[in-house]
2 protein chains.
Amino acid sequence: MNILTRRQREVFNYLRDNHDSFACPPSLNELCEGLGIVSRGSLYKHIMALIAAGLVEPFTGNKQGGIRLTQQVIEEDSTLPKGLPFIGSIAAGKPIEALATEGYMTVPDALKTDKPCYVLQVKGDSMIEAGIYDGDWVVIEQCSCAKNGEIVVALIEKSEATLKYIQQTAEQVLLLPANANMTALSYHPDQVEIQGVLVGQMRSYRFH
Amino acid sequence: MNILTRRQREVFNYLRDNHDSFACPPSLNELCEGLGIVSRGSLYKHIMALIAAGLVEPFTGNKQGGIRLTQQVIEEDSTLPKGLPFIGSIAAGKPIEALATEGYMTVPDALKTDKPCYVLQVKGDSMIEAGIYDGDWVVIEQCSCAKNGEIVVALIEKSEATLKYIQQTAEQVLLLPANANMTALSYHPDQVEIQGVLVGQMRSYRFH
DNA sequence: ACAAAAGAGAACAAAAAGAGAACAAATTAT
DNA sequence: ATAATTTGTTCTCTTTTTGTTCTCTTTTGT
């Protein structure tokens, strides 16, 4: 049994990473498009190599066939540690509870706590002066109270979630953006519900 | 069996430190890029020396071959935890090569590339306007060239490593801080050596 | 100044990867 | 039903990448 070549490995990784986004076994054309290959014949050779390697098996559910991952590979994948749940993006105006887990993200221990945490992607520039940019990921510790000066995920009027500095007294809750172009918002404590405290932040520079 | 030369040792260290970031046996071209060597022929000599030293062995899994670490070397290495090597801090004035791996850090896939990467902790405020703060961690892809406008780890005069924006022409290399209080530095291309390109950034808010 | 080490670059054969055409069976549309 | 499209499969041909070997220049240490 031969070891995989570079391209074969890429094809396999693609299959593994996307195996649950395919409703039914993907066709060669679909895969070509996803992998950036023009010719089905070329891809076919790679698939055959993966079958020979026992990583993928022909699918016998219907006459036309298709392929799927070996049961063993699927199990391996599902036993892998998942990391923190990635919930979606914030500042889109939806409460966190309403958002389903979209996936999982492996996060360095230094960016999380030993309490339950989740990951959000930041939309908008409301925290740029705190070094949190549009598109950044933030790690949030799930809790319902915070100290003054912390950055929190706050749900306003049970409808809109935002990431802001918090400053609270008995009479009012101040939500302060870190952006000179935006204004602080003042609420009655009953109007604001804390959904978590910022414990980590991450940014990718992979695509400029 | 001869003792290794300096460069051979460097090549071996590179292979050992990154052997799990290679999906399959790395090609000479890949290694050249990672090590900053232009000529495959040059690298080939080093590889042959490592094979002669028994640290690396030709890989017979597929026709085209390739190389991999000796099983013995892998076992020595695999007792270590996974993740990216954490090298230390930057802007301390020491070249990266001089710094030993201090530990390993698990990093989200989105913050790294499929090439070998390492993690540094940032000291100082030279990049605050790019949202990179004192104490942040940065993920660096190990490579020896960069596009203009990218943020790089640059080794100046073989003695001092800094994190800066780069702007290079045939005559000069500009290293631009992201801090209005600091000035850009201009060097002759020979004075500057690129040690990697920024691909990710992380910050912990756990202790204010 | 000398020798060892390191690098650049060209050349070459083999392997890998890809394009594209062809065809029959299966599927879908009309 | 027939026609049109999509599927897996097989084939040849071309391009790209790979390991390997060479010669020549540059760097480095003594």
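Key figures for this structure:
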read-out: B:ASP20 accessible area, assembled protein chains, probe 1.4 Å, Å²; value: 90 Å²
read-out: Ratio Rg/Rh, restricted to segment B:6-61 and using Cα atoms, in which Rh is the Kirkwood radius; value: 0.92
read-out: Scattering curve values for chain B, log₁₀ I(q)/I(0), Debye with Cα scatterers, q = 0.16, 0.18 Å⁻¹; value: -1.10, -1.32
read-out: Inter-label distance, nm, simple model (7 Å from Cα along the C-beta direction), B:ASN13/A:ASN181; value: 4.6 nm
read-out: Most mobile of A:ASN179, A:ASN148, A:ASN13 in a GNM of chain A (Cα contacts under 10 Å); value: A:ASN13
read-out: Inter-copy separations for A:MET182, label at 7 Å along Cα-Cβ, nm, ascending; value: 2.7
read-out: Cα→Cβ-extended label distance, 7 Å offset, between A:GLN71 and B:SER42, nm; value: 5.4 nm
read-out: Radius of gyration and Dmax over the Cα atoms of the protein assembly as shown, both given in Å; value: 24.5, 79
read-out: Accessible area that becomes buried as A packs against B, both chains, 1.4 Å probe, Å², nearest 100; value: 2600 Å²
read-out: Heavy atoms of A:ARG203: accessible area, 1.4 Å probe, square angstrom to 10; value: 20 Å²
read-out: Quarter of the Cα convex hull surface for segment A:129-208, i.e. its orientation-mean projected area (nm²); value: 5.8 nm²
read-out: Between helix A:6-18 and chain A: long-axis angle, C-alpha atoms, 0 to 90°, nearest 10; value: 50 degrees
read-out: Chain B: calculated mean residue ellipticity at 222 nm from DSSP helix runs of at least 4, using -39500 (n - 2.57); value: -6000 deg cm²/dmol
read-out: Aspartates and glutamates with Cα under 13 Å of A:LYS115, excluding same-chain neighbours fewer than 8 positions away; value: A:GLU141
read-out: Cα-based helix-to-principal-axis angle, A:40-52 vs chain A, degrees rounded to 10; value: 90 degrees
read-out: Carbon + sulfur, % of accessible area of the protein assembly as shown - ligands and nucleic acids excluded, 1.4 Å; value: 51 percent
read-out: Per residue solvent-accessible surface (Å²) - the protein assembly as shown, probe of 1.4 Å; value: 53 Å²
read-out: 10 Å Cβ neighbours from other chains, averaged over peptide A:104-116; value: 4
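The values are calculated or read from the model by the stated rules, or taken from the named source; none is laboratory data. On a predicted model such as this, the values are computed, not experimentally measured, just so you know. No Cβ is skipped: glycine too gets one built from the backbone with ideal geometry, and neighbour counts run over all protein chains shown. All accessible areas refer to the heavy atoms of the entire protein, side chains included, with ligands and DNA or RNA removed. Shrake-Rupley method; radii C 1.70, N 1.55, O 1.52, S 1.80 Å.
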